[in-house]
Structure formats: structure tokens, C-alpha cells
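Okay, structure first, notes after.
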Amino acid sequence: LHVDRQVSGCSDHDGEEAYNLDGEELWFADFIKKEGVEPQPPFIDHITYQDGAYQQAEVNQQTCKTNLDNARRAMKDFKIED
């Protein structure tokens with residue numbers, strides 16, 4: 001039984017996109033170098049992500065930032081209750 005996760009999130013200035021299996025990071029988007037990174041150790045059977053994974057991560061970040069802006073606009077008039 002395995003547990004896999006996709007982590008995707010953003011802020012105004014940063015973003016994260018990563019894939020994990022059983023707590024080990026298999027792939028993440030390096031938005032500074034503009035490439036996908038597969039930080040797997042050399043002693044395992046390497047898992048490779050398909051071409052276009054980094055480009056999809058960039059699209060996911062654009063969507064995340066748009067959703068963040070929409071949520072801020074929708075919530076700006078809500079009063080915080082004490």
C-alpha cells in the first residue's frame with residue numbers, strides 16, 4: 001500500500017509544485033531555474049515524469065494565483081468576528 005501526494009500552492013511571491021510517494025519527493029518544479037527536478041537517489045529504480053510536467057506546473061501556478069486574487073476580492077468585505 002503506497003501513499004502518493006501532489007503539493008501545489010502559491011503566494012504573491014512564491015509557489016510550490018511537487019509530487020511525493022511514501023513521504024519521498026519524486027519531482028518538484030524549480031521555478032528559479034525553470035525546470036523540473038527529480039531528486040531521487042541513484043540506488044532506486046528511477047521514476048521519470050513525462051515531458052510537459054514543468055509547463056503544467058507553471059499553468060497550475062497561474063491558476064493558483066488567479067484563484068488567490070479572486071478569493072481576496074470575494075472576502076475583502078467580510079468582517080472578522082471576535
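The table below gives the values:
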quantity	calculated
Distance between modelled label sites at Val7 and Leu21, nm, 7 Å Cα→Cβ extension	1.8
Whole-percent pair-distance distribution, where bins are 5 Å wide, for the alpha carbons of the chain	3, 13, 20, 19, 15, 11, 7, 6, 4, 2, 1
Helix 53-75 axis, angle to the chain major axis (alpha carbon atoms, nearest 10°)	20
With DNA, RNA and ligands ignored, accessible area of Ile44 (1.4 Å probe; Å², nearest 10)	70
For the chain, the longest site-free run once trypsin sites (Lys or Arg not before Pro) in DSSP loop states with at most 15 other Cβ atoms within 10 Å are removed	35-75
Cleavage-rule hits, GluC sites (Glu not before Pro), the chain, DSSP coil, Cβ neighbours within 10 Å at most 12	Glu81
15 Å beta-carbon shell around Ile32, net charge (K/R +1, D/E -1)	-4
Computed label-point distance, nm, for sites Leu68 and Lys33 using a 7 Å Cα→Cβ extension	2.3
Computed P(r) (all Cα pairs; segment 1-48; 10 Å bins; percent)	24, 50, 22, 4
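The values are calculated or read from the model by the stated rules, or taken from the named source; none is laboratory data. All values derive from a computational prediction rather than experimental measurement. Quick reminder, even Gly has a Cβ in these numbers, built from the backbone with ideal geometry, and neighbours come from all protein chains shown. Just the protein is used for accessible areas: all its heavy atoms, side chains included, with ligands, DNA and RNA removed. Shrake-Rupley method; radii C 1.70, N 1.55, O 1.52, S 1.80 Å.
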